[in-house]
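The values are calculated or read from the model by the stated rules, or taken from the named source; none is laboratory data. Just so it is clear, the structure is predicted and the values come from calculations on it, not from any experiment. Cβ: placed from backbone, ideal geometry, glycine included. Neighbour counts: every protein chain shown.
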Amino acid sequence: MARAGYLTKGVVYVLIGVLAILAVTGAGSGAGEIGGPETAVRTIGEQPFGQVLLTIVGIGLFAYAAWRLVQAIMDPERAAFDGAKGVAKRIGWGVSGVLHAALGVAALQMAFEGRTPREGGSQSWVSEVLSWSAGPVLVVIAGAAVILFALYEIYRAWTIDFTRHLKITQMTPTERRWSIRAGRIGLFARGVVFVIVGAGIVEAGLNARPGEAQGVGGALRDIAQQPYGAILLIVVAIGLVAYGVFQAVESRYRRIPTRA
């Protein structure tokens, strides 16, 4: 399930990056193609045999969600040590599991009910939390946590610490070289995107405006609106494609314990 999940996540990220590149270069159907995982899922459903593809993707996303929840509860890789860092990792894995399960639900709903997944999930939960008495503080904390996660992804790209989870010795020299390149470029690009996502959530909490919160798609559209935005977006999109490729590498070469 873990390997199927990594591969499915990789397909989604490759598609996010490809759609953004096509939109910027004019080869796609316009700016509406710039989006996050929900846009990728919707695009899959619009292809020939879309129902079958969505079902496969939905199952794969559930598999990844299950693996993340196993990591959060049992830590089979012994990666979350005692202390605040270990707790943070477990919480992050759990949140990742819930988010990917929700995306899996959206894929299956589109496959069997024709319900089109839409972006805006960040705004929905931020709006709900802001209605609480301590809501603004909680939203700011959540945004700060996203930024810290993003910086950790960039740190992993810089230090290449992600290789400790891979069966490096089973790779050919060429596979090893390109896997490390894909991991570094992909993690860095994803970190940049999530810094923007986290900053938007923090602003939403500080200003009590849910509309300032955004997901991956919103972050990519923000990049496109900057000076030289088209070039910046293409660079980041290529990075997200690299991240998707790295997820496929993890699907094949990650060390996954056979028991907890």
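For region 225-240, does any single residue satisfy the condition of being closer than 16 Å to Thr39 by Cβ, buried (at least 24 other Cβ atoms within 10 Å of the Cβ), touching a residue at least 24 places away in the same chain (Cβ under 8 Å) and not small (Gly, Ala, Ser)? Among the residues of region 225-240, at least one is closer than 16 Å to Thr39 by Cβ, buried (at least 24 other Cβ atoms within 10 Å of the Cβ), touching a residue at least 24 places away in the same chain (Cβ under 8 Å) and not small (Gly, Ala, Ser), which makes the answer yes. For Gly35, the conditions (1) touching a residue at least 12 places away in the same chain (Cβ under 8 Å); (2) out of contact with any Gly (no Cβ under 8 Å at 6 or more places or on another chain); (3) within 20 Å of Glu119 (Cα to Cα); (4) not in a helix (DSSP H, G or I) all hold with the exception of (2).
To keep it simple, each residue is scored yes or no on (1) under 18 Å from the mean Cα position of the chain (by Cα); (2) over 29 Å from Ser127 (Cα atoms); (3) aliphatic (A, V, I, L, M).
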{"residue": "Gly215", "(1), (2), (3)": "yes, no, no"}
{"residue": "Ile223", "(1), (2), (3)": "yes, no, yes"}
{"residue": "Tyr228", "(1), (2), (3)": "no, yes, no"}
{"residue": "Leu232", "(1), (2), (3)": "no, yes, yes"}
{"residue": "Phe246", "(1), (2), (3)": "yes, yes, no"}
{"residue": "Arg252", "(1), (2), (3)": "no, yes, no"}
{"residue": "Pro257", "(1), (2), (3)": "no, yes, no"}
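Just one of the listed residues (Arg190, Arg181) is surrounded by fewer than 20 Cβ atoms within 10 Å (Cβ to Cβ) and part of a helix (DSSP H, G or I), namely Arg181.
Residues that are within 20 Å of the chain's Cα centre (by Cα) and acidic (Asp, Glu) were ranked within region 121-166; the one that is farthest from Ala242 (Cα to Cα) is Asp161. Of the set (1) of a type outside the set (D, E, K, R); (2) in a helix (DSSP H, G or I); (3) in contact with a Leu (Cβ under 9 Å, 6 or more places away or on another chain); (4) surrounded by 17 or more Cβ atoms within 10 Å (Cβ to Cβ), all apply to Pro117 but (2).
Going by the structure shown, is Ile56 surrounded by fewer than 23 Cβ atoms within 10 Å (Cβ to Cβ) and within 16 Å of Gly104 (Cβ to Cβ)?
Yes: the conditions hold for Ile56.
When each of Gly143, Gly200, Gly186, Gly135 is tested for being within 17 Å of Pro37 (Cα to Cα) and out of contact with any Pro (no Cβ under 6 Å at 6 or more places or on another chain), the lone residue that passes is Gly186.
Looking across Ile91, Ile154, Ile147, one residue alone is among the β-branched types (Val, Ile, Thr), in a helix (DSSP H, G or I) and modelled with pLDDT under 95. It is Ile91. Among residues of region 133-162 that are within 13 Å of Ile196 (Cα to Cα), those with a beta-carbon under 8 Å from a residue that is of a type in the set (Asp, Glu) and in a helix (DSSP H, G or I) at least six positions away or on a different chain give the pairs Gly143/Glu203.
State the number of residues belonging to region 207-260 that are in contact with a helix residue (DSSP H, G or I) (Cβ under 8 Å, 6 or more places away or on another chain), within 30 Å of Arg177 (Cβ to Cβ), of a type outside the set (A, V, I, L, M, F, W, C) and not in a helix (DSSP H, G or I). Summing the residues that are in contact with a helix residue (DSSP H, G or I) (Cβ under 8 Å, 6 or more places away or on another chain), within 30 Å of Arg177 (Cβ to Cβ), of a type outside the set (A, V, I, L, M, F, W, C) and not in a helix (DSSP H, G or I) in region 207-260 gives 2.
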